[in-house]
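Q: Take a look at the following structure, please.
The values are calculated or read from the model by the stated rules, or taken from the named source; none is laboratory data. Quick caveat, the model's predicted, so the values are computed rather than measured. FYI the Cβ positions are ideal-geometry reconstructions off the backbone, even for glycines, and counts take in every protein chain you see. Just so you know, the surface numbers come from the protein's heavy atoms only, side chains and all, with ligands and any DNA or RNA stripped out. Shrake-Rupley method; radii C 1.70, N 1.55, O 1.52, S 1.80 Å.
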Amino acid sequence: MESKSVNILGIETSCDETAAAIVADGSIVKSSVVASQTKLHEKYGGVVPELASREHVEKIYPVIKEALDQAQVTKDDIDAIAVANQPGLAMALVVGVTAAKTLSFAWQKPLIAINHLHAHLQSAMLSEQNLELPAVALVVSGGHTSLFDCQSPLELTLLGSTIDDAAGEAFDKVASILRLSYPGGPSIEKTAKNGNPKAINFPRTLIAPNSLDFSFSGLKTAVLYHCRGQDMKGENTADSMSEQEIADIAASFQAAVVDVLVKKTKRAADKIGAKTVLLGGGVAANSALREALQKSCDSSRPPRKLLAAPKKYCTDNAVMVASLAYHKFKAGIFADLSLEPKAHS
Amino acid sequence: MSEQLDIVTLSPEETIEFGRKLGSQLKGGEIIALIGQLGSGKTHLIKGIASGAGAENSGSVNSPTFVIVNEYTGRFDIFHIDAYRLNTIVEFEMLGFDDYCYPNSIVIIEWADKIISALGTIDYIRIELEHKGQTARNIHIRNFPKHFVLTENKHI
């Protein structure tokens, strides 16, 4: 007789998406609901914590109900409730954690705590049947740029992370210098398509020969100097630049970010003898990054397999939370009602 | 509390070093407001301040633009707030700013110009950073305690 499948309700509220999903046995997506606040934050050029928190509170239960309805399941079909409790915006995390604890208590279902960054990497592993380990894993988003040594979905060791700005944050801030729209990732990628990535030789900060940490603050400043003159005395000339000039800056900036991400990932993969490279997080949706990383994996000897999260699961979602939770469920790793959100992991 | 000093640092390393000197003299209960545009060295200065103030994880000081508040622990509880994405004073107050201020804490606020009116009549150390050249920065420190010894900078 076929054993009953394990249905997990995943909840994700670490930044500006309110998301819930039902995933069976870690890989069968029964529903995925994401209420994004991008439109709301667009006019402010970024995430606004108080607004984000209020929005999460308003949306969390409708989003969970929608996930149950779409999956055509009721609470009786749910085996566990999983929530991303770290890292993220404290005021936002607390909404998801509170909802998960409440449901866990009311429905008498086990609670599973998930690390949001680890979950992003789960997106990359979601549909892979023959995952070859060890893998080196890059999570790159608005708030994070981190490399992990992945021995299994539950065994992730941090190898390096940003010492100043996250890559996605650099995209957002450079987009604001270039007067492009928020979020900066998609707008820079789109603009860069018409630009020459070699037009300007922006700095590639590698920190030290063996370092696996990242630094993007110098690159951001280099773009600022390029637009305002080396003495910072001038106005921002982005206002009067031609479309081509803006495209060239966007392309050259993007090339510098991609170069550093690819070099460091290769460095980490060589160091741990990785057979697979995992890529997740919002910036993982960037095509230039995916292509360059694929090339780097292909040219390694022996070649490595690149597993990039499907674009729809690059940005924050709850499928990745529910999927990773399945591994914890099988391993019997549960949280209790004392679970708290943690801004840092 | 009305000391003031204007210095120049020539590199990010000198900015960190100056921050370390300042941080090592903090006694707890201070609020530091940082003002300066993109790339002016605010995060570097805070790396130094946190290190000087004895933060155990000062190596992990990075931009809290995304999470809004970073916390570092050690001799003091250090709260590193980034107001870049805050738009109203109410949002700043909603963060629980009042809860961060106590005798054994140090509160450092980046982009403080955006929320400066929320500080009202509170006593705070004001630090402005300006681009002077590719890596050189003007740093203006206002209202720091009299007991501080911040060596006059040779570059002035």
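Q: Could you tell me which residue out of A:VAL94, A:ALA166, A:ILE249 lies farthest along the dipole of chain A toward its positive end? Charges go on the beta carbon: Lys and Arg +1, Asp and Glu -1, centred on the Cα centre.
A: A:ILE249
Q: Among A:ALA284, A:ALA19, A:LEU133, whose Cα projects farthest towards the positive end of the dipole of chain A, with charges put on the beta-carbon of Lys, Arg (+1) and Asp, Glu (-1)?
A: Value: A:LEU133.
Q: Relative contact order for the range B:3-144: what is it in percent, counting Cα pairs under 8 Å that are at least 6 residues apart?
A: Across the range B:3-144, relative contact order equals 34 percent.
Q: From other protein chains only, count the Cβ atoms within 10 Å of every residue's Cβ in B:55-67, then give the mean.
A: Per residue, the average neighbour count from other chains is 6.
Q: Continuing with the same structure: Search the structure for amide H atoms under 5 Å from the amide H of A:LEU306, placed 1.01 Å from N in the peptide plane, and list their residues when 5 or more places away or on another chain.
A: Long-range HN contacts for A:LEU306: A:VAL277.
Q: Hey, how many Å between the Cα centroid of the range B:57-91 and the Cα centroid of the range A:215-229?
A: The range B:57-91 and the range A:215-229 have Cα centres spaced 22 Å from each other.
Q: If you average the sequence gap of Cα pairs under 8 Å that are 6 or more apart and divide by the length of the range B:21-90, what percent do you get for the contact order?
A: 25
Q: Pop out the carbon and sulfur fraction of the accessible area of the range B:3-144 as a percent, whole number, probe 1.4 Å.
A: Taking all protein chains in place, the range B:3-144 shows 49 percent carbon and sulfur surface.
Q: Can you pick out the pairs among A:LYS65/A:LYS312; B:LYS47/B:LYS146; A:LYS65/A:LYS190; A:LYS275/A:LYS330 whose Cα atoms lie more than 31 Å from each other?
A: Going by Cα-Cα distance, A:LYS65/A:LYS190 fall outside the 31 Å limit.
Q: Let me ask something else. Taking chain B as the reference, fit the longest principal axis to its C-alpha atoms, fit the long axis of helix B:42-52 to the helix C-alpha atoms, and give the angle between the two in degrees, 0 to 90, nearest 10.
A: 90
Q: Using a loss threshold of 10 Å², tell me which positions in the range A:69-110 are less accessible in the complex than in their chain alone. Probe radius 1.4 Å, ligands and nucleic acids ignored.
A: A:GLY88, A:LEU89, A:MET91
Q: Here is a follow-up. Can you compute the equivalent ellipsoid semi-axes for chain A, i.e. the square root of 5 times each eigenvalue of the Cα gyration tensor, sorted largest first and rounded to whole Å?
A: For chain A, the semi-axes come out at 36, 24, 16 Å.
Q: Right, here's the next one. To the nearest 20 Debye, how big is the dipole of the range A:61-123 about its Cα centre, given +1 on the beta carbon of each Lys and Arg and -1 on that of each Asp and Glu?
A: In total the dipole reaches around 220 debye.
Q: Compute the acute angle (0 to 90°) between the alpha-carbon long axis of helix B:12-23 and the principal axis of greatest extent of the alpha-carbon atoms of chain B; round to the nearest 10°.
A: 60
Q: Next question. Enumerate the residues in the range A:100-127 having an amide nitrogen under 18 Å from the point lying 7 Å beyond the Cα of A:ASP76 toward its Cβ.
A: A:106-110
Q: Another question, if that's okay. In a Gaussian network model over chain A where Cα atoms closer than 10 Å are linked, find which of A:LEU224, A:LEU111, A:LEU212 has the largest mean-square fluctuation.
A: A:LEU224
Q: Another question about this same structure. Counting only DSSP beta bridges with both residues in the range B:1-138, tell me the antiparallel percent, nearest 5.
A: If we restrict to bridges inside the range B:1-138, about 40 percent are antiparallel.
Q: About its Cα centre, what dipole magnitude does the range A:244-342 give when the only charges are +1 on Lys and Arg Cβ and -1 on Asp and Glu Cβ, stated in debye to the nearest 20?
A: Working: 16 positive and 9 negative charges, 124 e Å.
So the magnitude is around 600 debye.
Q: What is the distance, in nm, between label points placed 7 Å from the Cα along the Cα-to-Cβ direction at A:SER345 and at B:ASP123?
A: 4.2
Q: If you take every DSSP beta bridge fully contained in chain A, what fraction is antiparallel? Give it as a percent rounded to 5.
A: Once the DSSP bridges in chain A are tallied, antiparallel ones form about 60 percent.
Q: So, one more: Would you work out which of B:ILE115, B:HIS131, B:TYR102 lies farthest towards the positive end of the dipole of the range B:3-144? Charges go on Cβ: Lys and Arg +1, Asp and Glu -1.
A: B:HIS131
Q: From the phi angles alone, apply the Karplus equation (6.51, -1.76, 1.60; θ = phi - 60°) to the range B:56-64 and give each ³J(HN,Hα) in whole Hz, x where the residue is Gly or Pro.
A: 5, 10, 5, x, 9, 5, 9, 5, x
Q: Determine which residues of the range A:195-217 fall in the zone a paramagnetic label at A:ASP270 would reach in this model, i.e. backbone nitrogen under 18 Å from the point 7 Å along Cα→Cβ.
A: In the range A:195-217, the label zone of A:ASP270 (backbone N under 18 Å from the point 7 Å along Cα→Cβ) covers A:204-214.
Q: Based on the Cβ-Cβ distance of B:ASN143 and A:GLN230, what FRET efficiency does E = 1/(1 + (r/R0)^6) give at R0 = 41 Å, to the nearest 0.05?
A: Once the sixth-power term is evaluated, E becomes 0.80.
Q: Given +1 on the Cβ of Lys and Arg, -1 on the Cβ of Asp and Glu, and no further charges, what dipole in debye does the protein assembly as shown carry about its Cα centre, rounded to the nearest 20?
A: 1140
Q: What span do the alpha-carbon atoms of chain B cover on each of the three principal axes, reported in whole Å from largest to smallest?
A: Answer, in whole Å and largest first: 42, 31, 29 Å.
Q: Okay, next question. Report the accessible surface area buried between chains A and B, summing both sides, using a 1.4 Å probe on protein heavy atoms only, in Å² rounded to the nearest 100.
A: 2500
Q: Please work out how much length the chain gains when fully extended from A:ASN194 to A:GLN151, using 0.36 nm per residue of separation minus the C-alpha to C-alpha distance, in nm with one decimal.
A: That pair, A:ASN194 and A:GLN151, stretches by 11.5 nm at full extension.
Q: Another question about this same structure. What does the charge count around A:SER152 come to, taking other residues whose C-beta lies under 14 Å from its C-beta (Lys +1, Arg +1, Asp -1, Glu -1)?
A: It works out to a net charge of -1.
Q: Still on this structure: Counting alpha carbon pairs within less than 8 Å and at least 6 residues apart, what relative contact order, in whole percent, applies to chain A?
A: Over chain A, the number comes to 25 percent.
Q: Next question, about the same structure. I'd like the mean, over residues of B:123-134, of how many other protein chain beta carbons sit within 10 Å of each residue's own Cβ.
A: So the per-residue partner count for this stretch is 2.
Q: Any idea what angle helix A:49-71 forms with the longest principal axis of chain A, computed on alpha-carbon atoms, 0 to 90 degrees, nearest 10?
A: Helix A:49-71 sits at roughly 50 degrees to that axis.
Q: Could you tell me whether the range A:47-181 comes out rounded, prolate or oblate from its Cα gyration tensor? Rule is a ≥ b ≥ c as square roots of the eigenvalues, rounded for a/c under 1.5, then prolate if a/b exceeds b/c, otherwise oblate.
A: oblate
Q: Just the number please: accessible area per residue for the protein assembly as shown, 1.4 Å probe, all protein chains included, in Å².
A: Spelled out: the 1.4 Å probe surface of the protein assembly as shown, per residue, equals 41 Å².
Q: Continuing with the same structure: Using the beta-carbon distance between A:ASP336 and A:TRP107 and R0 = 22 Å, what value does 1/(1 + (r/R0)^6) give for FRET efficiency, to the nearest 0.05?
A: 0.90
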